[in-house]
1. Residues 253, 217, 208: which one is in contact (Cβ under 8 Å) with a residue 40 or more places away in the chain and out of contact with any strand residue (DSSP E or B) (no Cβ under 8 Å at 6 or more places or on another chain)?
2. Among 243, 253, which is crowded, with 21+ Cβ neighbours inside 10 Å and either at pLDDT 95 or above or assigned to a helix (DSSP H, G or I) (or both)?
3. Is there a residue being out of contact with any strand residue (DSSP E or B) (no Cβ under 7 Å at 6 or more places or on another chain), within 25 Å of residue 69 (Cα to Cα) and surrounded by 20 or more Cβ atoms within 10 Å (Cβ to Cβ) anywhere in the stretch 227-236?
4. Pick from the stretch 189-212 the residues that are more than 18 Å from residue 235 (Cβ to Cβ) and in contact with a helix residue (DSSP H, G or I) (Cβ under 6 Å, 6 or more places away or on another chain): which of them is surrounded by the most Cβ atoms within 10 Å (Cβ to Cβ)?
5. Can you tell me which residue is modelled with the highest pLDDT among those in the stretch 112-147 that are within 15 Å of the chain's Cα centre (by Cα) and outside any helix (DSSP H, G or I)?
6. Please find, among 129, 82, 133, the residue that is in contact (Cβ under 8 Å) with a residue 12 or more places away in the chain, under 23 Å from residue 254 (Cβ atoms) and surrounded by fewer than 17 Cβ atoms within 10 Å (Cβ to Cβ).
7. Considering every residue within the stretch 7-14, establish whether at least one is modelled with pLDDT under 75 and not in a helix (DSSP H, G or I).
8. Could you tell me how many of the residues in the stretch 161-171 are touching a residue at least 12 places away in the same chain (Cβ under 8 Å), surrounded by fewer than 22 Cβ atoms within 10 Å (Cβ to Cβ) and within 23 Å of residue 221 (Cα to Cα)?
């Protein structure tokens, strides 16, 4: 079954257009043989084509989610990076390719290639894609803010955060709370940290549900930075040790080592 799903994911457009062609021929035959009216006949065909497209994409999504699960539960981003790169070598639907590129940047960031992640993000035409769902745009800008912060460009990071916040407080709010409930408080905590409101950032971190190892490590790193800036060296060391013990192959481990050397 996995091999079939992989083949479908690899040949998305071939499967899609072949299916559309077959349905088109069947539609023409039915119209000719039975004299069926065009519009009542084509409506269910359009619905079937839409379902086929979603089914084809779901094959790739399943492989991607399996690799992503390894990253968030085992703190190992490399299978995720490999899977996304593999799928980007396919001929993908345009909307799915944008999601892949956002995930590619995320995987690169978590392996320590932050500048490469930013380069990928800058090539994604988010604003030109009006059909892109608001919560996907919100995730894009939230991730962009993190990458810019990591590279020391705080002003640009806050510009990205403002675009995220506008979406998160409006059109994207419902979808974010349903699918990514930890994203809003973590994004706000990052914003507070950049604004120098370290105690408030740590308080916001306490509202996050640490559902995965990845989230727990990310929270520990942010708390460590806040504690260090507040002069609480002991708390900072404790949080950094947690990152070192649990971060596995995430790049945040190297960031924790660098901060620990300054304390």
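The values are calculated or read from the model by the stated rules, or taken from the named source; none is laboratory data. From a predicted model like this one, the values you see are computed outputs, not experimental measurements. Ideal geometry is used to build each Cβ from the backbone, glycine not excepted, and the neighbour counts take in all protein chains shown.
1. Of the residues listed, the single one that is in contact (Cβ under 8 Å) with a residue 40 or more places away in the chain and out of contact with any strand residue (DSSP E or B) (no Cβ under 8 Å at 6 or more places or on another chain) is 217.
2. The unique qualifying residue is 243.
3. For the stretch 227-236, residues out of contact with any strand residue (DSSP E or B) (no Cβ under 7 Å at 6 or more places or on another chain), within 25 Å of residue 69 (Cα to Cα) and surrounded by 20 or more Cβ atoms within 10 Å (Cβ to Cβ): absent.
4. Among residues in the stretch 189-212 that are more than 18 Å from residue 235 (Cβ to Cβ) and in contact with a helix residue (DSSP H, G or I) (Cβ under 6 Å, 6 or more places away or on another chain), the one surrounded by the most Cβ atoms within 10 Å (Cβ to Cβ) is 191.
5. 124
6. After applying the criteria, what remains is 82.
7. yes
8. 1
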